[in-house]
Amino acid sequence: MQYTYLGQSGLRVSRLCLGTMNFGVDTDEKEAFRILDAALDAGINFIDTANIYGWGENAGRTEEIIGKWFSQGGGRRERTVLATKVYGDMSDNHDGPNREAGLSAYKIRRHLEGSLRRLQTDHIELYQMHHVDRNVHWNELWSAFETAVSQGKIGYVGSSNFAGWDIAVAQGEAKARGILGLVSEQHKYNLLCRLPELEVLPASKALGLGVIPWSPLDGGLLAGNHRRDNGGRRSGDTKRLDKHRAQLDEYAKLCDELGEPEDLVSLAWLLANPAVTAPIIGVRTLEQFERSLRAVELELDSATLARIDEIFPGPGGDAPKAYAW
């Protein structure tokens, strides 16, 4: 496994991040344990989750599974860089209007305690805002996170689904307080979703954030699902397949020429971007996990990267040129 620093921090993480969104939903506890053990054995030390995973009435279930896995000992917790998130409405929260989605200091404190309890740990390496909350001032946010850091409950703060200007404001406010600020931005980014190249990626790179792409295979569309009779596995994929079929067919042809599967080429394309820290591989089975590992070994030459750009054109370059020329 290869490793890199997480943004401007001194924390070293694996170039692949294990996503756990399916744990407790499509993946039962036993299979989740097998995947988590295999990840550590393969050298993946970066594990991402969120307090709402499990969804609805089962929100928190994914964190509970990870907590049970940690409780087995064997150095599991010590070898893991753990990332979770806060923002959503938790079904076990009885705080009236304060249970609604958001990032008040009140909510951050209570939901952090809930995550620590479910995860059976006393600290979280990377605590991420699942979305921006523009109703809360950064003075309140940074004060809440500084308190959690000083208490030893979290190590670093990250963002997710932020716009480029949200990242800039966050880092400006952090600098004014003399603190580290954000170290990562988790964002949807893949060959079919290259809009972040306009501002989110350049802002993250310039302001010291490592980018952690979620949905690197766009729900399976970039994993060769279009070649299967049933197409994509998620609702709505049929319409998107029809929209992108010509591109996906051309991409499949390129991957066949390379002798590599579409999913691994898609991950390797992300890993080739210097702004990217680690794509999140949201596997459902051990077989899917083991298949993903070789992506870190796959290097794409400049000619291949150019052909990929022809098939999946980006948004037109970094801002402001993409807007002004």
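Since every read-out is calculated from the coordinates, none of them should be taken as a lab result. Not measured: the values here are computed from a predicted model. As a convention, Cβ positions derive from the backbone with ideal geometry for all residues, glycine included, and neighbour counts pool all protein chains shown.
Laid out as a table, the results:
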| read-out | value |
| --- | --- |
| For the range 43-85 and the range 292-321, distance of Cα centres in Å | 32 Å |
| Sequence-distant lysines (8 or more away, or on other chains) whose Cα lies within less than 30 Å of Lys243 | Lys188, Lys253, Lys321 |
| Dipole moment magnitude, nearest 20 debye, the range 3-311 about Cα centre, only Lys, Arg, Asp, Glu C-beta charged | 560 debye |
| Top positive-direction residue, dipole computed over the chain with Cβ charges, set Ala319, Leu264, Ala246 | Ala319 |
| Mean projection area, nm², convex hull over Cα of the range 188-307 | 7.8 nm² |
| Calculated FRET efficiency for the pair Thr147/Trp55, C-beta based, R₀ 30 Å, to 0.05 | 0.55 |
| Calculated log₁₀ intensity ratio I(q)/I(0) where the Debye formula runs over C-alpha points of the range 3-311, q = 0.07, 0.11, 0.13 Å⁻¹ | -0.27, -0.68, -0.95 |
| Share antiparallel - DSSP beta bridges, the chain, percent rounded to 5 | 15 percent |
| For peptides 200-206, 254-260, 150-156, 299-305, sequence by mean Cβ density within 10 Å, most packed first | 200-206, 150-156, 254-260, 299-305 |
| Inter-centroid distance (Cα atoms) of the range 105-135 relative to the range 143-222, Å | 16 Å |
| The chain: relative contact order in percent, alpha carbon pairs under 8 Å with at least 6 residues between | 18 percent |
| Charge dipole (the range 3-311, unit charges on Cβ, about Cα centre) - positive-most of Tyr106, Thr20, Leu198 | Tyr106 |
| The chain, helix-only ellipticity at 222 nm - DSSP H runs n ≥ 4, -39,500 (n - 2.57), divided by all residues, nearest 500 | -12000 deg cm²/dmol |
| Set of aspartates and glutamates near Lys175 by C-alpha distance (under 18 Å), chain-local residues within fewer than 8 positions excluded | Glu140, Glu146, Asp166, Glu185 |
| Highest to lowest packing among 26-35, 270-279, scored as the average C-beta count within 10 Å | 270-279, 26-35 |
| Two-decimal ratio, the range 11-73, of alpha-carbon radius of gyration to 2.2 N^0.38 Å | 1.08 |
| For peptides 134-146, 61-73, 282-294, sequence by mean Cβ density within 10 Å, most packed first | 61-73, 282-294, 134-146 |
| The range 40-126, relative contact order [Cα under 8 Å, separation at least 6], % | 35 percent |
